[in-house]
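Input: a single structure, listed below in structure tokens.
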Amino acid sequence: MWGTRTQACIWQTVTYTTYRVSNGQRTTTGQANLIVMQYNYTDTGLGRYAHQIDTSMYSGWGDATKATIDGQATLTGPCTRTSATFPAKPLSPVNSWNTGESFFDSSLVGPATKGKCKTMWYLTFNNAGYDPAVVDYSMNEVRCDNATAGRPGIGCVIPWVASNLVYTRTATPELADHVTKAQASGLPSRLTRTEDQTVIDSNRTKACGSAPSVPGKSCDEYPIATSEQGLNAGGTRRTHPGCGFTGVPAGTGPVGASVCMIAATGTTARRAARTLSSSGAIASFRATRSTWSSSKGSAGPGPAGAAPLRGGRGGDYLAWQWLRRTTQGAVMTIHQAPVFVNEGTFGIFDHGEVPIESADWSGDLIAPMSAGAMVRTGINTGNVQVEVRTGPSQVSSGEWEEAATAQVWSPTGSLRIESVVDGPQSELPVLSASGPGWYELEVKARGRRQAPDASLLESAEAYLITLRPVPEKTPPAPAGADTAPDPDEEARRRRLLQG
């Protein structure tokens, strides 16, 4: 099984066999081998989540291949089913796909409520002259809660995947340096949050209760006080050169806590980040310039003879990247992925050097460049959700709070969504599907005003990116080399290029 904090996927195989019994002798009359893909997707700002299932017969023979398959979705836990569709369809032809999709709403009410919901699909094989055959599939529970500070309503996550909490060396250098040294001394990078105030107070007092008074500095402890791995669990304090703690020794090992006097802005950033995770694991504290790395793993090779997933790449079985909707008989494909934001931007870049010096920052949402564009976000640093839809789309204006358009140039036909820090987001497709040329870029957004200029673990911001070709327009002229840059834009360019 593969997962992120808001997505999970698993693929399995199943064999459907038909047989007849005559005079006590069983004779197999057919066999169908199927891939079964399941996919959960959630949103940290919504109380609704989805459970999708896809089936495809990759080989078969005899009567089994004449069957139809349909599905029913059900659940356990504090949630309700809002819709479920998996109409009966034939297994044949080989490598055709049948899709079921169900949506569920959390039934939690009131503040500080939590609950886990488990959803299941029951697939039925029907075949003339044979008894129906039923097989069930489920995924791990989804957790929804209304207990996260700074969030106005219910959100849902994949609880067995821990959140990434990242501190950048550009925004909080002393905090990032301390986390790096603390982990290098053997302290764990994977922490579990506690909501027990007695434990939190004990962790904080044992770590920082006797901290020295240094103007402009504040005591930072690692593991953080709101984790189960703090000093309340045992061990002793350790520190590092330059941290301002005299009489506290250096130390190594997985138990204990590291303390350091750092700039007060760093501890403020950490306190803000602590409010973002609901109960459960807080993953991999990292302090690096490469501030986001997907934990995506390979689902492994598909069964022999199986075709690649529709919309997939090569022979990979990456169903979680391709959420299919049917709109009036045509297929609309939705691609979703987190993108790391730095300095309040992420990019839509072509191959080659990013012409950041040509960016026009006069727009509130889009900053076009001589090739590609920058998208301006509300948060300064952290992850936003980006969605790309291809094919027929019916997007109601109510889904989005802001929208803007701009014309952008693609010199090589390779426009992709990229993090300025991490580069292309591989889970999102090439946008300029018509090759080199001009495109009309439309960006829709929601949540940009919730936390302006903040550094957040998982922001509520989401963006919908659409590109449409613009025919018969002249390519742009090269930018003048002797044009003096605006000082503010030059400062922004340097920050972006430095990461």
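Every number in this text was worked out from the coordinates using simple rules, so none of it is lab data. As the structure is a prediction and not an experimental result, all values here were calculated from the model. In this analysis, Cβ positions are derived from the backbone assuming ideal geometry, glycine residues included, and neighbour counts consider all displayed protein chains.
Can you tally the net charge around ASN203? Count Lys and Arg as +1, Asp and Glu as -1, for every other residue whose Cβ sits under 11 Å from the Cβ of ASN203.
-2
Please list 3J(HN,Hα) in residue order for the stretch 166-180, calculated via the Karplus relation 6.51 cos²θ - 1.76 cosθ + 1.60 where θ = phi - 60°; whole Hz, with x for glycine and proline.
Those phi angles translate into 10, 10, 9, 6, 7, 7, 9, x, 6, 5, 4, 5, 5, 4, 4 Hz.
Collect residues whose amide H, placed 1.01 Å from N in the peptide plane, falls under 5 Å from the amide H of ALA337; neighbours closer than 5 in sequence don't count.
For ALA337, the qualifying residues are VAL386.
When the chain is fully extended, how far beyond the present Cα-Cα distance does ARG48 get from THR85, taking 0.36 nm per residue of separation?
That pair, ARG48 and THR85, stretches by 11.7 nm at full extension.
Relative contact order of the stretch 85-160: what whole-number percent is it, with Cα pairs under 8 angstrom and at least 6 residues apart?
Relative contact order of the stretch 85-160: 26 percent.
What does a probe at THR15 reach in the stretch 36-74, counting residues whose amide N is under 19 Å from the point 7 Å along Cα→Cβ?
Counting backbone N atoms under 19 Å from the label point, the list is 36-37, 56-67.
Work out from phi, with θ = phi - 60° and the Karplus expression 6.51 cos²θ - 1.76 cosθ + 1.60, the ³J(HN,Hα) of each residue of the stretch 231-244, listed in order in whole Hz, and give x for Gly and Pro.
5, 4, 7, x, x, 10, 6, 9, 8, 9, x, x, 8, x
Under a point-charge model restricted to the Cβ atoms of Lys and Arg (+1) and Asp and Glu (-1), what is the dipole moment magnitude of the stretch 113-232 relative to its Cα centre, in debye to the nearest 20?
240
Going by average Cβ density within 10 Å per residue, which order do the peptides 245-257, 56-68 take, highest to lowest?
Top of the packing list down: 56-68, 245-257.
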